[in-house]
Amino acid sequence: MPSMPRPTGRAMLGRVLRVVALLVVAVFAIVFLVQEWDGFVAGLSELNPWAVVGAVVAIMAGLICAMLSWRAVLEGMGSPLPVRASARVYFLGQLGKYVPGSVWPIVAQAELSKAYRVPRARAAVGALTQTVIGLVVGVCVAGVTLSVSSPDVFATYWWLLLVAVAGVIGLLPPVLNRLVALALKLTRRSPADPMTAASIGKAAAWCLGMWLFFGIHLWLLATGVSAPGDHQLFLLSTGAYALAWVVGFVIIILPAGAGAREAALVLALGSALSRENALMLAVVSRVLMLAGDALGAGVAVLAERQRLKRHPELAADAADQDTADQV
């Protein structure tokens, strides 16, 4: 049986840096929990427990849709990954969004993807592309749902439609492929396969599912504070969450859009809930989302370890790739 290659000094340094990165994420996550814990506990005491359970299930479903959207983008670029490998890379990478600055999930996914023979530059461009797709779909979802459920909020954020139009144009295959090719050329990396309308549409469809599930989670929480659980509230919840995410993404200097996201969410929900209840839901939703990210990362890592145990040749191949990339 061939022995595992001994890691080089640079490979060992890379592993140490990964541990340090996880510790940094843990510190920021703990700081966030400490800041929000009292409000979270107070909010839970006012909510229907079954509504909270349902919200957690909806969050996990939305996160899985987001992961599958990212996987569809990489597949379209010529780097298909198994579902478990995709989940490990995506969910671990997403923990980086709790560190100030919106670039860290992209950096983390690019670094983690190389173990599966995905070039760093392609993985980074793929992560950015999926983020843009999610942003464009989110703007469209917010525009459609809020125009029906809360015209006043829609009037305040009418400019989102301009962003949506620009985003849709940017996602047209001829335009997107030119942008991707330019990015890879500037970084002197190997080109990716051109994205087709089908692959972009597949990624967008998964993003649509993500927004719908995230809307369901907020809708369930809202019904837990005695708000009428009708379709109008569902549309408002879905649009409010999509709007808040878009605003939070734009404010890149804060961890995962902290503060800005809550402000947008409270404003959008103001037509159906009191300010106090809307703010309480924003805090509870944010903590549950952190729990969902952590749970997704933990389950994905364990599932991938089980896959590698059953197929040790894949583990050896990943080790070879990791060592080679560090040389």
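Every number here is computed from the coordinates shown, using simple stated rules; none is lab data. Here the structure is a predicted model, which is why all the values come from computation and not from measurement. Using ideal geometry, Cβ is built from the backbone for each residue, glycine included, and neighbour counts are taken over all protein chains shown.
Which net charge results when you count Lys and Arg as +1 and Asp and Glu as -1 among the other residues whose beta-carbon is under 15 Å from that of Q130? Don't skip to the answer; put the middle values down first.
Values: positive: R71, K97, R122, K202; negative: E75.
Residues close to Q130 contribute a combined charge of +3.
In whole Hz, what ³J(HN,Hα) sequence does the range 192-202 give by Karplus (6.51, -1.76, 1.60; θ = phi - 60°), x for Gly and Pro?
9, 5, x, 6, 9, 4, 5, 5, 5, x, 5
For W158 paired with Q306, estimate the spin-label separation in nm (one decimal), with each label point 7 Å from Cα along the Cα-to-Cβ line.
Between W158 and Q306, the label points sit 5.3 nm apart.
With N denoting the number of residues in the range 49-315, provide Rg(C-alpha) divided by 2.2 N^0.38 Å, to two decimal places.
1.01
Once each part is reduced to its C-alpha centroid, what is the distance from the range 185-217 to the range 92-147 in angstrom?
9
Could you put H217, H231 in order, starting from the residue whose Cβ has the fewest other Cβ atoms within 10 Å?
H231, H217
For the range 49-315, with the dipole built from +1 on Lys and Arg beta-carbon atoms and -1 on Asp and Glu ones, taken about the Cα centre, which of V153, L243, A303 lies farthest toward the positive end?
Checked the options; the winner is A303.
Express in nm, to one decimal, how much length is gained between L179 and V165 on full extension, taking 0.36 nm for each residue of separation and deducting their alpha carbon distance.
Numbers: separation 14, 0.36 × 14 = 5.04 nm, distance 1.71 nm.
So the chain would gain 3.3 nm between L179 and V165.
Tell me, what ³J(HN,Hα) does each residue in the range 136-153 have, in order and in whole Hz, if you take phi through Karplus 6.51 cos²θ - 1.76 cosθ + 1.60 with θ = phi - 60° and put x for Gly and Pro?
Each residue of the range 136-153 in turn: 5, 5, x, 4, 5, 4, 4, x, 5, 6, 6, 5, 8, 8, 8, x, 5, 5 Hz.
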